[in-house]
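Asker: This is the structure I want to talk about, given as structure tokens.
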Amino acid sequence: MTLTSSKIKLRALEPEDLDFLYQIENNSSFWEVSHTQTPFSKFILKQYIENAHLDIYEAKQVRFIIEENTSKKAIGTIDIFDFNPQHKRAGIGVLIHPNFQEKGYATEALSILIQYCFSSLNLHQLYANITSDNSKSIQLFTKYNFTKVGVKKEWIFSKGKFKDEVLYQLIK
């Protein structure tokens, strides 16, 4: 299966992605969704890239770089996490660099990843955890028929207040 569309491709992490990862992982506006509380050093991110070759069955996760086809620039990441082959499910998270948001890249990346998860990984279901105030992500996932199945009340503490986190699920 090819992980490409007319606008983007999903590819493995490369050593050249270090500066891009450093930029997005240390952008505190993303920390709420990544559950990060401190910056990452380039050394730690370099080690992460070096270990990105681990098989999804071993690591239980995989991160793809979303690359724009025309410029060959990294514009975001899309992750499979909590990969559970026994129960045939995994979580999905997508992050688009602010300079490239609202151009349809997340939509294409999610479409490609759903197809990959259901056909290549033979998963039965996917899920996403989204804060209730993240209307862009809710719109993105519901566009692909993810259904709201639960609410974790006051689950995320961010910027001095608690937020609900909503669980969305897509069953093949």
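The values are calculated or read from the model by the stated rules, or taken from the named source; none is laboratory data. This one's a predicted model, so the numbers in the text were calculated from it and none came from an experiment. When we count neighbours, we look across all protein chains shown, and the Cβ atoms used for this are built from the backbone with ideal geometry, even at glycine. Surface areas here come from the heavy atoms of the whole protein model, side chains and all, with no ligands, DNA or RNA. Shrake-Rupley method; radii C 1.70, N 1.55, O 1.52, S 1.80 Å.
Asker: How many of the residues making up the stretch 53-82 are outside any loop (DSSP other than H, G, I, E, B) and over 13 Å from the mean Cα position of the chain (by Cα)? Walk me through it before giving the result.
Answerer: Step one: of the stretch 53-82, the residues outside any loop (DSSP other than H, G, I, E, B) are 56-59, 62-68, 74-82.
Remaining after also requiring over 13 Å from the mean Cα position of the chain (by Cα): 56-59, 67-68, 74.
So the count comes out to 7.
Asker: In the stretch 95-139, what residues are open to solvent by 50 Å² or more (accessible area, probe 1.4 Å) and of a type in the set (D, E, K, R)?
Answerer: 102, 103, 133, 136
Asker: Just name the residue that is farthest from residue 92 (Cα to Cα) out of those in the stretch 126-172 that are in contact with an Asp or Glu (Cβ under 6 Å, 6 or more places away or on another chain) and of a type in the set (S, T, N, Q).
Answerer: 158
Asker: Identify all residues within the stretch 156-172 that are part of a strand (DSSP E or B), touching a Leu at 6+ places or on another chain (Cβ under 8 Å) and open to solvent by 30 Å² or more (accessible area, probe 1.4 Å); write none if there are none.
Answerer: Of all residues in the stretch 156-172, those part of a strand (DSSP E or B) come to 156-158, 161-171.
Still in the list and also touching a Leu at 6+ places or on another chain (Cβ under 8 Å): 169-170.
Hit for the stretch 156-172 is 169, nothing else.
Asker: Hey, could you check the stretch 94-122 for residues that are in contact with a strand residue (DSSP E or B) (Cβ under 6 Å, 6 or more places away or on another chain) and either outside any helix (DSSP H, G or I) or hydroxyl-bearing (Ser, Thr, Tyr) (or both) and say which is farthest from residue 168 (Cα to Cα)?
Answerer: Applying the filter and picking the extreme gives 97.
Asker: Something else now. Please go through the stretch 125-149 and give me each residue that is of a type in the set (A, V, I, L, M) and outside any strand (DSSP E or B), ordered by number. Walk me through it before giving the result.
Answerer: Initial filter on the stretch 125-149 (of a type in the set (A, V, I, L, M)): 126, 128, 130, 138, 140, 149.
Within the stretch 125-149, 138, 140 meet the criteria.
Asker: Oh, and also: With the requirement that a residue be over 20 Å from residue 113 (Cβ atoms) and not small (Gly, Ala, Ser), what does the stretch 126-147 give you?
Answerer: At the first step, the residues of the stretch 126-147 found to be over 20 Å from residue 113 (Cβ atoms) are 131-133, 135.
Residues satisfying the conditions are 131, 133.
Asker: Inspect the stretch 140-155 for any residue being under 29 Å from residue 23 (Cα atoms), open to solvent by less than 60 Å² (accessible area, probe 1.4 Å) and at pLDDT below 95 and give the result as yes or no.
Answerer: no
Asker: Something else about it: Of the residues that sit in the stretch 125-160 and are basic (Lys, Arg) and closer than 17 Å to residue 171 by Cβ, which one is nearest to the chain's Cα centre (by Cα)? Don't jump to the end; show me each part of the working.
Answerer: Pass one, the stretch 125-160, residues basic (Lys, Arg): 136, 143, 148, 152-153, 159.
Among the residues that remain, those that are also closer than 17 Å to residue 171 by Cβ are: 143, 148.
On the way: 143: 16, 148: 18 Å.
Step by step, filter the stretch 125-160, then rank; the result is 143.
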